[in-house]
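The structure appears below as structure tokens.
The values are calculated or read from the model by the stated rules, or taken from the named source; none is laboratory data. It should be emphasised that the depicted structure is a prediction, and the values quoted were computed from it without experimental measurement. When we count neighbours, we look across all protein chains shown, and the Cβ atoms used for this are built from the backbone with ideal geometry, even at glycine.
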Amino acid sequence: MFAKGQTVISCMEQLAPKHLAVPDDRIGLQLGSLQKDIKHVLIALDVNDEVVEEAIALDADLIIAHHAIIFRPLKSLNTDQPAGKLYEKLIKHDIAVYISHTNLDSAQGGMNDWMADALGIQNGIPLEEVYTETFSKLVTFVPATHHQAVLDAVWGAGAGTIGQYAKCSFSNEGAGTFLPQEGTKPFTGKPGKLERTEEVRVEILVPSSLASKVVQALVKAHPYEEPAYDLYPVEAKGQAYGLGRVGKLARPQTLGEFAEVVKRALDVPFVRVVGDDSRMVKKAAVLGGSGSRYVNKALFKGADVLVTGDIDYHTAHDALMAGIALIDPGHNAEKMMKAKTADWLRTKLEEKRCETQVHVSQINTEPFRLV
């Protein structure tokens, strides 16, 4: 069977949840409908006319791209203009477009982790935090016969993880009372009669972003018609997610040597370098895309060099004066997301036994060329 559109996106959002995006970023479904079977998905960095023609040739139903096709609210949709023509072609061929941008950048195991790994940056932490996981405490009461089933359900929904420890919970036994009213169908006892039953109190930590999903799993697995539960915020903080990565290199090297590493690892024909080629680089920062405004953040976190795209002339001079080196591989260095995202999505759909095919765009959307 083929995956439904929402199933494909649900898999994608396991990798790059929407709440990891920076405010006002243009992510999510930008064009078309997900209310259909998806036979072919095309993963692209950008969506231009060549990519759309590629999608048409593949008979693709959905394009998942990194960069938005609609950057600001539309005042009109003029199909005589280039953007309007592009939207028209997509609509006529029933191709939906879904964008995963800064949420993919921030995600654990996403864009910036991929780039950091490629460059040999070890144990990278975010250059700028976007989202820090908060927690709630879930407390519920369940008969001993269903204790393990309820635990398995809420664990499966994402509850009970503390750092590197999974399936964490606390349980103790006690007695619960309830009086079923007329018209109820209690799991134990009878309507109109006060019931006293042995129950287990369960306490478990729940990421706030998963609270709704966990409660749904609890209610589904619980044998009672009206399971009692409390869900309240706690002070504990979880993992921080954010843009960029900064950490020590696997081995110290000169800036000139590291520039060659960047060029090979990110598969770009050239890089622009700011700084003395002979200076030693021990700690590096990387940020996919346009990172001019993150130079000071990289400097503050002790980086000897920042690898990012779209460095402008004045930022380069400021970096020289501040004593931090820069390597600019261009914005298109993010193209590695195509194969990485496709591999992730393909695996998830295969686990669901879906026949949907996931394709990597072969179009080079780099707009610049050297002459």
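State the number of residues belonging to region 223-244 that are assigned to a strand (DSSP E or B) and either surrounded by 13 or more Cβ atoms within 10 Å (Cβ to Cβ) or at pLDDT 90 or above (or both).
Residues of region 223-244 that are assigned to a strand (DSSP E or B), as a first pass: 229-243.
Narrowing the set further to residues that are either surrounded by 13 or more Cβ atoms within 10 Å (Cβ to Cβ) or at pLDDT 90 or above (or both) leaves 229-234, 238, 240-243.
Number satisfying all stated conditions: 11.
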Inset, instruction - Output yes when any residue across region 16-23 is closer than 24 Å to Gly288 by Cα, surrounded by fewer than 15 Cβ atoms within 10 Å (Cβ to Cβ) and out of contact with any helix residue (DSSP H, G or I) (no Cβ under 8 Å at 6 or more places or on another chain), and no when none is. - result: yes
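Scan region 335-346 for residues that are closer than 19 Å to Met1 by Cβ and touching a helix residue (DSSP H, G or I) at 6+ places or on another chain (Cβ under 9 Å) and jot them down. Give the steps one after another, and end with the answer.
So in region 335-346, the residues closer than 19 Å to Met1 by Cβ come out as 345-346.
Within region 335-346, just Leu345 meets the criteria.
For (1) assigned to a loop (DSSP other than H, G, I, E, B); (2) modelled with pLDDT of 95 or more, each residue gets a yes or a no:
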residue	(1), (2)
Ala118	no, yes
Lys167	yes, yes
Asn172	no, yes
Arg196	no, no
Legend entry - Pick from region 139-165, criterion in a strand (DSSP E or B) and over 25 Å from the mean Cα position of the chain (by Cα), ranking: surrounded by the most Cβ atoms within 10 Å (Cβ to Cβ): Val142
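Residue-by-condition table, conditions (1) of a type outside the set (A, V, I, L, M); (2) at pLDDT below 90; (3) assigned to a loop (DSSP other than H, G, I, E, B); (4) out of contact with any His (no Cβ under 6 Å at 6 or more places or on another chain):
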| residue | (1), (2), (3), (4) |
| --- | --- |
| Glu182 | yes, yes, yes, yes |
| Lys185 | yes, yes, yes, yes |
| Gly189 | yes, yes, yes, yes |
| Glu199 | yes, no, no, yes |
| Val202 | no, no, no, yes |
| Leu205 | no, no, no, yes |
| Ser209 | yes, yes, no, no |
| Val214 | no, no, no, yes |
| Val219 | no, no, no, yes |
